[in-house]
Amino acid sequence: MTLGVLKVTLERSAGLEQAATVFEVPAYENQTVLDVVSWVQQNADPTLSYRFACRVGMCGSCAMMVNGVPRWTCRTHISKVLDGDAVTIGPLRNLPVIKDLVVDMDPFFDKWVAAEGVHHGALTRDDPIEAIDEQSDARVEANAGIECINCSVCYAACDTVTSNADYLGPAALQRAWTLLNDTKDDGRAAILDAVSDKGGCHNCHSMGSCTVYCPNDLDPMSAIAGLKRETAKSFFKMGR
Ligand code: SF4
Ligand code: SF4
Ligand code: FES
């Protein structure tokens, strides 16, 4: 049963220009922002490009700007974000637009690699399996960031990313912090070097938009504060 009509403005690319198109979409109970975009693609404009996969908040592929705020669209109910009967949906901020609502995620993932956010193994499959103390401070810190789904919502929310193309951004830095605290990772020196570089953690202004908007309730700002402490200690050779 429909509950009226929504006025949906899609901000999308038209060649090199950004253009807005307005659609009238039937409203119904428990409708998500992603449902609205899918309705437009299936019923009004089959050329519309957008990205999603899991629909349950796990794959991180469906993030878009919704009324100017970055959100995971498959877990955002339209009723929570409507302005009257209207909503404006656009591609994520801070990433190049490929087409319509699809952004190029390469710069986001390239920065994970630049932050040494890839596991640095020290053991081989022939070494004995080591027990991990789940209660240790380091493991608690590592566990905090491990649920990141790479949705790039925090990256889109970060004004420092907007003003500094070299800045590694909240997700990559949080990943670096996770590995720094993971006793199975052997990349401490490389990580500290990478996050001290010109695009590193000391660019962060600690205003916290990343933490406010992370849909998984993660806290990249605190992870970055941890990196700032560790890089400063390393600089002054205080060790841990
Ligand atoms: S706290 Fe740092 S990383 Fe997070 S949004 Fe602000 S500047 Fe970006
Ligand atoms: S930290 Fe949160 S907002 Fe950022 S990419 Fe990971 S899950 Fe998404
Ligand atoms: S479609 Fe997978 S997180 Fe939204």
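Before moving on, here are some points about what is shown:
- Among D35, D182, D85, the residue with the largest mean-square fluctuation in a Gaussian network model of the chain, with springs joining Cα atoms closer than 10 Å, is D85.
- Every helix of 4 or more DSSP H residues in the chain counts as -39500 (n - 2.57), and over all residues that averages to -9500 deg cm²/dmol at 222 nm.
- Counting neighbouring beta carbons within 10 Å and listing from fewest to most, the residues I78, I129 come out as I129, I78.
- Altogether, the Stokes-Einstein calculation at 25 °C and 0.890 mPa s, with the Kirkwood radius of the stretch 5-103 over Cα pairs as Rh, returns a diffusion coefficient of 184 µm²/s.
- Summing charges over all other residues whose Cβ lies under 14 Å from the Cβ of L218, with Lys and Arg as +1 and Asp and Glu as -1, gives -3.
- For the chain, the longest principal axis of the alpha carbon atoms and the long axis of helix 170-180 meet at an angle near 30°.
- The local environment of T178, defined by Cβ-Cβ distances under 12 Å, has a net charge of -3 under the rule Lys, Arg +1 and Asp, Glu -1.
- Summed residue charge, Cβ within 9 Å of L168's Cβ, Lys/Arg positive, Asp/Glu negative: -1
- Within the chain, longest stretch clear of exposed chymotrypsin sites (Phe, Trp or Tyr not before Pro) (DSSP loop, no more than 15 other Cβ within 10 Å): 29-235
- Relative to one another, the C-alpha centroids of the stretch 118-175 and the stretch 177-240 are positioned 9 Å apart.
- Inverse mean reciprocal Cα-Cα distance (Kirkwood Rh) of the stretch 106-235, Å: 14.8 Å
- When the inverse distances between all different Cα atoms of the chain are averaged and flipped, the Kirkwood radius reads 19.4 angstrom.
- Computed about the Cα centre, the dipole magnitude for the stretch 89-230 is approximately 480 debye when only Lys and Arg (+1) and Asp and Glu (-1) carry charge, each at its Cβ.
Any read-out appearing in this document is the output of simple, stated calculations on the displayed coordinates, not a laboratory observation. The structure presented is a predicted model; accordingly, all values stated were derived computationally and were not measured. A quick note on method: Cβ atoms are made from the backbone with ideal geometry, for glycine too, and the neighbour counts reach across all protein chains shown.
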